[in-house]
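Novice: Sharing a structure with you now.
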Amino acid sequence: MFTGIIEEVGTVTALNREAGRARLVIRAKKTLEGTKYGDSIAIDGVCQTVAELLDGSFAVFTLAESLKKTTLGELKVGSKVNLERALTPHSRMGGHMVQGHISAAVPIRELSRTNGNVYLSVEVPEALIRLCVPEGSVALDGISLTVAKIAGTIVTVNIIPVTFEGTSLSYKKVGDTMNLETDIIGRYVERFLAPFVSKNSLTMERLHELGY
C-alpha cells in the first residue's frame, strides 16, 4: 500500500529483457534508506519487489503482465521515474490509498500552465471513466492527484508547483502515456453493487431501496 506522495525521482540505468520478464535497475538515494531485499517500491505507480540492492541503485524483475499493461515496458536508460516506498504504520497519509495496481496506461492530451497553475488532461478508457469523480482521487504514475474536471473521457487534474517540480511530471509532454490507478474505494463500491444494479441504469429510487 502507498500514499501517492512521491519520495524522489529515480533514473533508469538498465532495462534488460529476459524470457517473460525484464530486469529493471534504478538509481536512487532516499528510496534506498532502510530498504531491504523483498521490500515493495512503487515505480511510476507500479508496485514492484526489490530483487537486488546495488551500490546506489536497486533492481526489480518486471513480469510480462506489467510490461504489457503499464508504461514500464516503454522505459529506457535515462528515463526518470517516480519512486515511493510502501506505507508503514508510522507514515503520514498525505495522499490517498494507492495499491500500485495499474488500471490502464493513458495518454496525455493536454499539459498547460495558466497563471501559475499546471493543468494535465489524460484520456481514460470509457470502461474506467465511471470510476473517476470530480474532487475524487486518482493516481497518475503513482502521484496522488485530485480530479478537477471530467469532460467525456477526458480527466483533468490541477497540479501544484511542488508536485510538478518534485516528480517526473516536469519531464512529460503531450502524447506521453501515464499509469492510471483509479480509487480503490470506488472499485469496491462498484463491485459490491453490481449484483443489485440493473445493467441499464442506476436510479435514485434504486439507491434508496438499497439503503443509500
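Novice: Which ³J(HN,Hα) values, rounded to whole Hz and listed in residue order, are derived for segment 78-91 from phi using the Karplus coefficients 6.51, -1.76 and 1.60 in 6.51 cos²θ - 1.76 cosθ + 1.60 with θ = phi - 60°, glycine and proline given as x?
Specialist: The phi angles translate into x, 4, 9, 9, 7, 10, 8, 6, 5, 5, 10, x, 9, 7 Hz.
Novice: Okay, moving on. Please go through the residue pairs Lys29/Lys173; Lys76/Lys172; Lys29/Lys80; Lys69/Lys172; Lys36/Lys172; Lys68/Lys172 and name each one whose alpha carbons sit more than 23 Å apart in this structure. The partial results should precede the final answer.
Specialist: Values: Lys29/Lys173 26 Å; Lys76/Lys172 15 Å; Lys29/Lys80 14 Å; Lys69/Lys172 19 Å; Lys36/Lys172 30 Å; Lys68/Lys172 20 Å.
Long pairs (Cα-Cα over 23 Å): Lys29/Lys173; Lys36/Lys172.
Novice: With every protein chain present, what accessible area does Met93 have (1.4 Å probe, heavy atoms only), rounded to the nearest 10 Å²?
Specialist: Near enough 90 Å² of accessible area.
Novice: Taking amide H atoms as placed 1.01 Å from N in the peptide plane, list the residues 5 or more away in sequence, or in a different chain, whose amide H sits under 5 Å from that of Thr35.
Specialist: Result for Thr35 returns nothing.
Novice: Go through segment 102-107 residue by residue and turn each phi into a ³J(HN,Hα) via Karplus (6.51, -1.76, 1.60, θ = phi - 60°); whole Hz please, and just put x for glycine and proline.
Specialist: With the stated coefficients, segment 102-107 comes to 6, 7, 5, 8, 10, x Hz.
Novice: List, in order, the whole-Hz ³J(HN,Hα) value for each residue of segment 151-161 obtained from phi through the Karplus relation with A = 6.51, B = -1.76, C = 1.60 and θ = phi - 60°; use x for Gly and Pro.
Specialist: Running phi through 6.51 cos²θ - 1.76 cosθ + 1.60 with θ = phi - 60° gives 9, x, 9, 9, 10, 10, 10, 9, 10, 6, x Hz.
Novice: Considering the chain as a Gaussian network with a 10 Å cut-off on Cα pairs, which listed residue, Asn179, Asn82, Asn115, attains the greatest mean-square fluctuation?
Specialist: It is Asn115.
Novice: Sticking with this structure for a sec: With the other protein chains left in place, how much accessible area per residue, in square angstrom, belongs to the chain at a 1.4 angstrom probe?
Specialist: 54 Å²
Novice: Heavy atoms only, 1.4 Å probe, whole protein assembly: order Cys132, Cys47 by accessible area, highest first.
Specialist: Largest to smallest exposure gives the sequence Cys47, Cys132.
Novice: Can you give me the solvent accessible area of Asp39 with a 1.4 Å probe, rounded to the nearest 10 Å²?
Specialist: Using a 1.4 Å probe on the heavy atoms, I get roughly 50 Å².
Novice: Would you mind telling me the share, in percent, of accessible area of the chain contributed by carbon and sulfur at probe 1.4 angstrom?
Specialist: 53 percent
Novice: Sequence-distant or interchain residues sharing an amide H contact under 5 Å with Ala104, placed H: which?
Specialist: Close amide H contacts, sequence-distant or interchain: Leu180.
Novice: Here's a follow-up. Within the chain, what's the longest stretch lacking GluC sites (Glu not before Pro) that sit in DSSP loops with no more than 10 other Cβ atoms inside 10 Å?
Specialist: 34-134
Novice: Roughly how far apart, in whole Å, are the Cα centres of segment 156-175 and segment 1-78?
Specialist: 20 Å
Novice: So, one more: Once every DSSP H run of n ≥ 4 in the chain is given -39500 (n - 2.57) and the sum is divided by its residues, what mean residue ellipticity at 222 nm do you get, rounded to the nearest 500 deg cm²/dmol?
Specialist: Computed mean residue ellipticity for the chain: -3500 deg cm²/dmol.
Novice: Taking a 1.4 Å probe, which of Tyr119, Tyr188 shows the most accessible area, and what order do the others take after it?
Specialist: Per-residue accessible area, sorted high to low, gives Tyr188, Tyr119.
Novice: Here's another thing I want to ask about it. Give the ranking of Lys68, Lys36 by solvent-accessible surface, highest area first, calculated with a 1.4 Å probe.
Specialist: Lys68, Lys36
Novice: Ok, one more. Rolling a 1.4 angstrom probe over the protein chains, ignoring ligands and nucleic acids, what is the accessible area of Phe61 in square angstrom, nearest 10?
Specialist: Here the residue's solvent-accessible area equals roughly 60 Å².
The values are calculated or read from the model by the stated rules, or taken from the named source; none is laboratory data. What you see is a predicted model; the values in this text were computed from it and never measured. Counting neighbours? That spans all protein chains shown, and the Cβs are built from the backbone with ideal geometry, glycine included. For accessibility, only protein heavy atoms count, side chains too; no ligands or nucleic acids. Shrake-Rupley method; radii C 1.70, N 1.55, O 1.52, S 1.80 Å.
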